[in-house]
Number of protein chains: 4
Amino acid sequence: MKTLNIKEELARTSVELFARQGYAKTSVQQIVDAAGVTKGALYHYFNSKDDLLFDIYDRILTLQHRNLTEIIGRNLPAVETMRLACEDVIMTSIDCIREGAVFFRSQHMLSEDRQEEVKRRRREYNDAFTAVLVRGQSDGVFRTDIPIQVLAANFFSDPHYLSYWYSPGGTISREQAAAQLTALYLAGLQAS
Amino acid sequence: MKTLNIKEELARTSVELFARQGYAKTSVQQIVDAAGVTKGALYHYFNSKDDLLFDIYDRILTLQHRNLTEIIGRNLPAVETMRLACEDVIMTSIDCIREGAVFFRSQHMLSEDRQEEVKRRRREYNDAFTAVLVRGQSDGVFRTDIPIQVLAANFFSDPHYLSYWYSPGGTISREQAAAQLTALYLAGLQAS
Amino acid sequence: MKTLNIKEELARTSVELFARQGYAKTSVQQIVDAAGVTKGALYHYFNSKDDLLFDIYDRILTLQHRNLTEIIGRNLPAVETMRLACEDVIMTSIDCIREGAVFFRSQHMLSEDRQEEVKRRRREYNDAFTAVLVRGQSDGVFRTDIPIQVLAANFFSDPHYLSYWYSPGGTISREQAAAQLTALYLAGLQAS
Amino acid sequence: MKTLNIKEELARTSVELFARQGYAKTSVQQIVDAAGVTKGALYHYFNSKDDLLFDIYDRILTLQHRNLTEIIGRNLPAVETMRLACEDVIMTSIDCIREGAVFFRSQHMLSEDRQEEVKRRRREYNDAFTAVLVRGQSDGVFRTDIPIQVLAANFFSDPHYLSYWYSPGGTISREQAAAQLTALYLAGLQAS
DNA sequence: CATGAATGAGTATTCATTCAT
DNA sequence: GATGAATGAATACTCATTCAT
């Protein structure tokens, strides 16, 4: 009980600090001070500062991969699959907006091995997403005059950019942001 | 002559290294070694490592602000202004793709003062861009059912994301990328 | 029964690790892992890591002191006493070769107090050994042209050095090594 | 000039401290405090604490290898070669007695790579020394009834043990110690 | 202009030991 | 008796920056 709290508290605190001031400018000392524990406790639960960072990547990658897999598994029409997938990514990105701020800025601070792992898992996600685009093209509902990687990049850029402009608790709810960004994307995507 | 070369070489080398391995993981020693000069030389031309980083921000902000101002100054219809502005941002972002990789990842490594300056200048750029969107809405050519900040974010995310997926020298030319991403954006943007 | 086994197992394991990788490079965690117990168990039987080390010194010093006292107590001629004493030291050093490896390398890792105790007990041993040399000189069987401390050092160096070159289970048995090194020593020692 | 002094001072100071209190118990901070410089200065001249230690090994191994090679190169009779070699080792070991105290106690504190290098170079030295023993046996001047490795170990133990008992500036000069230990060794070595 | 030796404040990490359970 | 989570003090090492030459 206490144990879980400490580990979770350290995870929460480190995301917060990494998002606010960057991984490099956040010292282990700051993290443990903010979490109200000692360095020894941190190193009891995490092997290194790098582990703290990787946990963030792992959490997001696992979550988004699981959701996309589930959505694709429903075997809906391509347009509907795409709508659900896009809205889900936007909403989970908003739910994890601090993690997202770290995710896109700090990849090069991971160890080489873990950078590779993150690349691999993002590629997997990208491949699954792209497969839906291809299906929609075959079905004649998505445009074919623009390279598929451009179509994919045009969407991925949105969740990526969220942490730079979206404020949770502002005038735009997560559902609205998801619906609006998805609508804009699908408008561009549809076959003429 | 020699002087200019050394300063330029240091700028070029530092962008390269910052883009590849991140600002924090790049030491001043690595930069001077790669540039073939000594620390003394670097500190002759730059006051600090932070200056090397800020130069990158300054270069991009200056370039894009100047281009946007020029395009808006032509007083073309909103759709045409937007098309030119978007294509220009994409193309200059591709031309400065290494700078871009640094730009979006390393802002929190700048000194507080300079973070503020960068924020201010980006806001200025954003405001000018948004003004074009507003004009298009008044003219009845841009949709009004989605908050303007979402419409803006939907575009800014694209140049932002370029350094994560676009390879100069690949199968897609800078002009093609610019035309395609702009087309996708404008398709979403148009009034129904 | 179980208790004795755990304590003995910890002693055995720690000698092994100290000999192989040095006292300083061996962590308490490594010891308990290798012994298959937990830290709590170790600290139940030993007050500190230092105790684990001192036990090794105590064991060897006690053993060699007891053996030398017994041999001298037989009141044999000096040459015979010396031969038995030397052979015994060599053989017990081979029997405790891992302890020996630690003994000569890790004395300064002991607490100050215990370093003093080890020095004192080694001096006692040295004095008893030297007394035999003096008796042999008085009897006219040992040479007198070389300072007695050089004569003593010339022997003590041998058991000291054993752990650096001797392999138990190799082609030279413990009895052979003892006989040969003793023969070489006595050859140098005899009065001309 | 100043530069050499600082590097030499650091080398001198570190040998002194390593000999007195052991490598593991000597902190880099202690070394720089004793040498009157800062950590930065130390790390300007040495890449790591390990380098400071290895320098000691390198110095001794280089010195003794060079001397032995020179002595063997004179092509003197085996007995004479052996006498000169033994006396030289004893004397240089006395000259570098603090280095010697470190040499035999701290090998396992070196990095794995360097432990291997030290082992290799000591083996080379041992092989050259053993070759002289073999030559003496062929010439009929050295005994053949004891394995050659025991004959070698019987000598190597002496310089090894020096730092445990010999006091420079005491009643026994370096030349005397060298002559006496060599005499004792040769007495044991000669063919009967 | 340019050097590179030297600084010193900062960093992540280790580890013997304790103690509530 | 035994656990292992937590401590806290110590450690080696890094690096942007300065300055005498």
With the condition kept exactly as written, say whether any residue in the stretch A:29-51 is hydrophobic (A, V, I, L, M, F, W, C) and within 14 Å of chain B (Cβ to nearest Cβ). no
The stretch D:145-192, residues that are free of Cβ contacts under 8 Å to residues at least 12 places away in the same chain and in contact with an Asp or Glu (Cβ under 7 Å, 6 or more places away or on another chain): D:S157
Considering residues of the stretch C:137-163 that are surrounded by 17 or more Cβ atoms within 10 Å (Cβ to Cβ) and of a type in the set (S, T, Y) only, the residue farthest from the other protein chains (Cβ to nearest Cβ): C:S163
Subset tally (residues that are hydrophobic (A, V, I, L, M, F, W, C) and more than 18 Å from B:T81 (Cα to Cα)) for the stretch B:153-176: 3
Which condition number in (1) surrounded by 16 or more Cβ atoms within 10 Å (Cβ to Cβ); (2) within 19 Å of D:P159 (Cβ to Cβ) is the one that D:H65 fails? (1)
Which of (1) over 18 Å from A:I94 (Cα atoms); (2) within 16 Å of DNA strand E (Cβ to nearest atom); (3) open to solvent by 50 Å² or more (accessible area, probe 1.4 Å); (4) charged (D, E, K, R) is the odd one out, the single condition A:E16 does not satisfy? (1)
Can you find even one residue in the stretch A:117-130 that is more than 27 Å from B:A183 (Cα to Cα), more than 16 Å from DNA strand F (Cβ to nearest atom), within 12 Å of another protein chain (Cβ to nearest Cβ) and without any contact (Cβ under 8 Å) to a residue 40 or more places away in the chain? yes
In the stretch C:92-116, the residues that are within 12 Å of another protein chain (Cβ to nearest Cβ) and either more than 16 Å from D:G22 (Cβ to Cβ) or part of a helix (DSSP H, G or I) (or both): C:S93, C:A101, C:V102, C:F103, C:F104, C:R105, C:Q107, C:H108, C:M109, C:E112, C:Q115
Only residues that are polar (S, T, N, Q) and more than 8 Å from DNA strand E (Cβ to nearest atom): list them for the stretch C:19-70, please. C:Q21, C:T38, C:T62, C:Q64, C:N67, C:T69
With D:L61, D:L52, D:L110 as the choices, which residue is more than 16 Å from DNA strand F (Cβ to nearest atom) and assigned by TED's automatic domain parsing to the domain that holds D:L151? D:L61
Every residue in the stretch C:109-129 that is more than 16 Å from the chain's Cα centre (by Cα), open to solvent by 30 Å² or more (accessible area, probe 1.4 Å) and not charged (D, E, K, R), please. C:S111
Just the residues that are open to solvent by less than 50 Å² (accessible area, probe 1.4 Å) and over 23 Å from D:R121 (Cα atoms), please, taken from the stretch D:28-59. D:V28, D:I31, D:V32, D:A35, D:V37, D:A41, D:L42
On the basis of being part of a loop (DSSP other than H, G, I, E, B) and buried (at least 16 other Cβ atoms within 10 Å of the Cβ), does A:T81 make the cut? no
Subset of the stretch D:164-173 that is of a type in the set (G, A, S) and farther than 14 Å from C:I146 by Cα - its residue that is farthest from the other protein chains (Cβ to nearest Cβ): D:G169
When you check B:M91 against the structure, is it in contact (Cβ under 8 Å) with a residue 60 or more places away in the chain, assigned by TED's automatic domain parsing to the domain that holds B:F156, open to solvent by less than 50 Å² (accessible area, probe 1.4 Å) and more than 16 Å from the chain's Cα centre (by Cα), yes or no? no
All but one of (1) open to solvent by 30 Å² or more (accessible area, probe 1.4 Å); (2) outside any helix (DSSP H, G or I); (3) at the interface with chain C (Cβ under 9 Å from one of its Cβ atoms); (4) within 27 Å of D:I56 (Cα to Cα) hold for D:Q176, so report the exception by its number. (2)
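The values are calculated or read from the model by the stated rules, or taken from the named source; none is laboratory data. Quantities reported herein were computed from a predicted structural model and do not represent experimental measurements. Neighbour counts run over all protein chains shown; Cβ positions are idealised from the backbone, glycine included. Surface accessibility is based on the protein's heavy atoms, side chains included, excluding ligands, DNA and RNA. Shrake-Rupley method; radii C 1.70, N 1.55, O 1.52, S 1.80 Å.
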